[in-house]
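Participant: My questions all concern the structure below.
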Amino acid sequence: MRVMILSVTAGFGHHATAKAVADMLREKGATVDTVDVYAYLSKIVKETIDKGYLFTSKHTQELYRLVYLLAENRGTGYFANPISIINIVNALGASKFARIVNDFAPDAIVCTHVFAAQLVNDLKKRGLLTAPTIGIITDYTLHPYWEDVPQIEYIVTGSELLTHRAIKKGIDVSRILPLGIPIHPKFCQPISQEDARTRLGIDLNRPTILMMGGSMGYSNNKKLIRQLNLCGIPFQLLVVCGNNKKQYDEMLQLKEKLDGPCILHPYGFVNNVEEMMSASDCIITKPGGLTVSEALAKNLPMILVNPIPGHEERNVEFLMNNGMACLVTKTFPVDEAVYHLFKSPHRLRTVRETMSAIAHPNATERLCDFILNELSPNHTKE
């Protein structure tokens with residue numbers, strides 16, 4: 001079976017989901033081609049979307065929140081105007097992109113970003129594409145515009161608990177696949193806390209916190225760590241800085257100066273986040289859809305910080321309203337959040353039980369099986 005996966009550069013999650021699905025489909029024998037849509041249609045637009053998303057979500061958050069809210073409440077009608085750059089590029093590049101897709105001749109298409117889904121929706125309306133298509137929503141909400149792509153046969157959501165919202169948005173229940181957000185299968189592999197800590201070379205018995213700032217370096221880790229140091233509970237802190245070398249160097253310097261209950265272990269870019277999650281008692285993180293899904297798969301309680309306006313704020317609402325996380329605010333600092341969590345073993349157990357009930361650790365495999373079994377050209381519907 002031939003599957004084409006379409007993604008868009010805007011943060012890390014869409015590409016990570018695309019890679020997780022592509023890797024497993026290949027393992028199961030499919031031929032897969034993954035395409036960054038605007039890398040083909042317009043590199044200028046690709047850079048604009050990526051850098052514009054980074055800039056507005058970090059430096060003009062109130063504007064970003066307002067735009068997201070308007071789009072969320074009013075749908076595409078609010079922004080559907082003839083000068084929309086996305087609409088123009090999609091219209092101008094439609095025939096070119098249809099040729100790219102048809103040259104590959106996919107039996108199925110997967111879209112991990114709504115912009116890609118909008119393009120496919122338009123091509124299918126014009127009769128330029130016929131392959132069955134699945135869209136994947138990579139947060140615990142219904143992003144704006146997913147209700148306006150009726151040609152996309154199926155839409156994957158993060159949870160059954162989002163089905164009611166999807167129906168209210170006008171999406172027919174027969175199109176909704178509440179399989180969970182696809183993540184790398186390594187997050188489904190069980191590792192005991194003791195084994196994980198042994199592999200990392202850290203204290204086997206000391207309470208352990210993992211801190212991650214997301215792929216874009218939003219978190220002020222120094223401030224958070226200084227606050228954490230006030231909690232009065234001895235613990236070890238694993239801080240993942242990713243490719244942010246400046247932040248990593250700051251963490252190394254802070255490690256030498258830190259005086260208090262915290263033992264600091266800084267890391268740069270790592271490939272073993274699943275081990276770090278298994279070693280930890282909780283995670284302090286931005287509420288990105290992929291990180292949240294990985295933590296859910298690892299049954300790791302979350303303390304949320306610095307949500308990006310819009311979709312990450314919706315993730316916060318979903319997690320908090322379902323008893324799976326707490327949010328750090330100006331009046332509820334991170335040291336209090338950690339203190340509350342570690343001083344209440346009953347709450348920790350309850351959080352983990354709730355996470356187990358709601359998580360979909362096998363989302364990637366379930367989605368790939370659906371694609372191969374239900375969308376295969378050899379499949380006969382009853």
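Participant: Given I191, I181, I167, which one is within 27 Å of T354 (Cα to Cα), part of a loop (DSSP other than H, G, I, E, B) and open to solvent by 10 Å² or more (accessible area, probe 1.4 Å)?
Facilitator: Criteria check complete, one pass: I191.
For (1) part of a loop (DSSP other than H, G, I, E, B); (2) open to solvent by 40 Å² or more (accessible area, probe 1.4 Å), each residue gets a yes or a no:
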position	(1), (2)
Q236	no, no
K246	no, yes
D249	no, yes
K255	no, yes
D259	yes, yes
I263	no, yes
P266	no, no
F269	yes, yes
E275	no, no
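Participant: Same structure again: For the subset of segment 194-233 comprising residues that are aliphatic (A, V, I, L, M), in a loop (DSSP other than H, G, I, E, B) and modelled with pLDDT of 95 or more, which member is farthest from D281 (Cα to Cα)?
Facilitator: I202
Participant: Next up: If you take the residues in segment 248-306 that are in contact with a Lys or Arg (Cβ under 9 Å, 6 or more places away or on another chain) and of a type in the set (D, E, K, R), which one is farthest from V21 (Cα to Cα)?
Facilitator: E250
Participant: Could you please find all residues in segment 144-153 being of a type outside the set (D, E, K, R) and farther than 13 Å from K124 by Cβ?
Facilitator: Residues satisfying the conditions are P144, Y145, W146.
Participant: Only residues in segment 163-191 that are touching a residue at least 40 places away in the same chain (Cβ under 8 Å) and at positive phi count as the first member; pair them with residues that are open to solvent by less than 40 Å² (accessible area, probe 1.4 Å) and hydrophobic (A, V, I, L, M, F, W, C), Cβ under 9 angstrom, at least 6 apart or cross-chain, and list the lot.
Facilitator: From segment 163-191, the pairs are G180/V156; G180/L296; G180/A297; G180/A359; G180/A363; G180/L367.
Participant: Please identify the pairs in which a residue from segment 270-281 that is among the polar types (S, T, N, Q) and at pLDDT 95 or above has its Cβ atom under 8 Å from the Cβ atom of a residue that is open to solvent by less than 10 Å² (accessible area, probe 1.4 Å) and assigned to a helix (DSSP H, G or I), counting only partners at least 6 apart or on another chain.
Facilitator: Partner pairs satisfying both residue conditions: S278/A196.
The values are calculated or read from the model by the stated rules, or taken from the named source; none is laboratory data. This one's a predicted model, so the numbers in the text were calculated from it and none came from an experiment. Note that we place each Cβ from the backbone using ideal geometry, even for glycine, and neighbour counts take in every protein chain shown. Quick note on the areas: whole protein, heavy atoms, side chains included, nothing else; ligands and nucleic acids left out. Shrake-Rupley method; radii C 1.70, N 1.55, O 1.52, S 1.80 Å.
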